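Structure first, then comments.
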Amino acid sequence: MILSVHRTSDKEECTMDKEKDFLKRLGANIHRRRLILGWEVGDVASRLGIKRGTYSKLEKGLARMTDELFASISDLFKMSAAVLLAEQPKCEYRFFRKNARQTKRETALIEQATLDGIRKLKDYVALEDWLGEKCEFDGLLKSDFARGAKESVEEFAMRVRAGLRGRGWEANENLAEILEKYGVKIFAIPLPVANCFGFSFCSEGKCGILINNDPQIPVERQLFTLAHELGHLLLHGDGDFVNVAEDDVKKKECEAQHFAGRLLLPDDEFCAAWQASAGMSWVERVMAVKRRFRVSYKTILYRLSEGKGRKESGTIFAAFPRAYEQRYGQKLSGKMEPQPYPFSAFESQRFSLLALEAFKRGEITMSRLAELLERDLFETREIVNAAYGKVG
């Protein structure tokens, strides 16, 4: 049954508006969930015991809802009432280069990750507010790390690196820890989408970086993504990170690539490390520099290919897997990282510590702490006991 638009009073109008909002939120949430699950409209309609057209109207926010149907939807999609009716938080800015071959399911997964990232960002900011531990990225951006009018991307990256080193950045592997101290909110979320390593985003004037920590993505690649997205925030934000133009994406991606390359592999240190390995074969030199800086081998190949033509650059990237297999007897494929460095750089200790402190002060309950830490109650209780002693 189509939702009626007949209105006879202000009270009726208010009720109708609330019902429309209810149906709109429900429709958007089940549409995204259906795509993530890979189900067709007809499949869902059949499982719910309703007509295909009726279910289509549900996703469009047009069909009326009964308590029985709502319960069936909740059970089928395994979504609580709160999640089914959750409002879509506003995303004012997201820098993500969409792959032309991206499927509808992958698009839905990225949208869900964006919503999860925004909700985590709000939780992070709320914890800071409750505990008086505000740490705004605006200060980092607008004072120390604002790009000069005549400053090249490479020069800017080197200055940012020097500034972070002066604040305690010792090696690439602790970059996330240093950035979080200065207000950059970093969220590691597993996202099974090919060629989506992460993105930067902003909601209500607060910015964050989402890193895809899917087990198939090497931590070195995650590190480069962190540096890349920091480049977007510093180079392409408008100061408040709102209403950022998405035109000329290719140019901006290139600038972020250059920024990340220099941030992780500064010219002088890179050249010195490359020269120090001059007695080795080409592939051994790449691996030696990779170990020195804890970066992906592709980051080094990118630096070696800078300033060369597309054909020569392509030759460098194509030659390395062959040379590596010949030297080490192991074939490189997909996202595989040769001889990966054993570090985990993207677990947000600051967020966890803030959540634990909020629980200790009575700002949040044990169940809310479990939600924030994304643990069950038993695991959460163990964490609390380890941090503060026995809790009843």
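5 Å is the cut-off here: which amide hydrogens, built 1.01 Å from N in the peptide plane, fall below it relative to Glu204, excluding neighbours closer than 5 in sequence?
Glu92
Per residue of segment 116-126, what does 6.51 cos²θ - 1.76 cosθ + 1.60 with θ = phi - 60° give for ³J(HN,Hα)? Whole Hz please, x for Gly and Pro, Karplus curve as stated.
4, x, 5, 5, 5, 4, 5, 4, 4, 5, 5
With a 10 Å radius around each residue's Cβ, average the other Cβ atoms per peptide and rank 309-318, 207-216, 369-378, highest first.
Top to bottom by mean Cβ count within 10 Å: 207-216, 369-378, 309-318.
Taking only protein heavy atoms and a 1.4 Å probe, what accessible area per residue, in Å², does the chain have with all protein chains in place?
Heavy-atom accessible area per residue stands at 51 Å².
Quick one: give the max-minus-min coordinate of the C-alpha atoms of segment 306-388 along each principal axis, largest first, in Å.
Result, largest extent first: 61, 31, 17 Å.
Treat each spin label as a single point 7 Å out from the Cα along the C-beta direction, and report the Lys78 to Arg52 distance in nm.
The modelled label-to-label distance comes out at 2.7 nm.
Which of the lysines could a cross-linker bridge to Lys20, judged by Cα under 18 Å and excluding same-chain residues fewer than eight apart?
Within the straight-line limit of under 18 Å, Lys20 reaches these lysines: Lys11, Lys57, Lys60.
Please tell me which of these pairs span more than 21 angstrom C-alpha to C-alpha: Lys250/Lys308; Lys185/Lys251; Lys90/Lys122?
Lys185/Lys251
How much of the accessible area of segment 89-216, probe 1.4 Å, is carbon plus sulfur, in whole percent?
48 percent
Using the Cα centre of the chain as origin and beta-carbon charges of +1 (Lys, Arg) and -1 (Asp, Glu), tell me which of Leu354, Leu127, Phe156 is placed farthest towards the positive end of the dipole.
The residue sitting farthest along the positive end of the dipole is Phe156.
Give the relative contact order (percent, whole number) for the chain; include only Cα pairs under 8 Å separated by 6+ residues.
Answer for the chain is 15 percent.
Can you give the helix-only mean residue ellipticity at 222 nm for the chain, where every DSSP H stretch with n ≥ 4 adds -39500 (n - 2.57) and the sum goes over all residues, rounded to the nearest 500 deg cm²/dmol?
-18000 deg cm²/dmol, from helical runs alone.
What length, rounded to one decimal in nm, is gained on full extension from Phe70 through to Ile316, with 0.36 nm per residue of separation minus their alpha-carbon distance?
Additional length available on full extension: 82.9 nm.
I'd like the carbon and sulfur percentage of the solvent accessible area for segment 246-337, probe radius 1.4 Å, heavy atoms only, ligands and nucleic acids excluded.
Carbon and sulfur atoms account for 51 percent of the accessible area of segment 246-337.
Take the cross-link list Lys134/Lys252; Lys206/Lys290; Lys206/Lys360; Lys78/Lys335 and give me the ones stretching past 28 Å between alpha-carbons.
Too far apart for the 28 Å limit: Lys134/Lys252; Lys206/Lys290; Lys78/Lys335.
Between rounded, prolate and oblate, where does the chain land on the alpha carbon gyration tensor, with a ≥ b ≥ c its root eigenvalues, rounded for a/c under 1.5, else prolate if a/b exceeds b/c?
It comes out prolate by the Cα gyration axes.
Connecting C-alpha atoms closer than 10 Å in a GNM of the chain, tell me which of Ala45, Ala355, Ala82 has the biggest fluctuation.
Ala82
Tell me, in nm to one decimal, what length is gained between Ser367 and Asp268 on full extension, where the rule is 0.36 nm per residue of separation less the Cα-Cα distance?
30.6 nm
When the chain is treated as a GNM, springs tying every alpha-carbon pair under 10 Å, which of Tyr55, Tyr124, Tyr182 comes out with the largest mean-square fluctuation?
Tyr55
The values are calculated or read from the model by the stated rules, or taken from the named source; none is laboratory data. On a predicted model such as this, the values are computed, not experimentally measured, just so you know. Methodologically, a virtual Cβ is constructed for each residue, glycine included, from the backbone with ideal geometry; neighbour enumeration extends over all protein chains shown. Note: accessible area is taken over every heavy atom of the protein model, side chains too, but ligands, DNA and RNA are not part of it. Shrake-Rupley method; radii C 1.70, N 1.55, O 1.52, S 1.80 Å.
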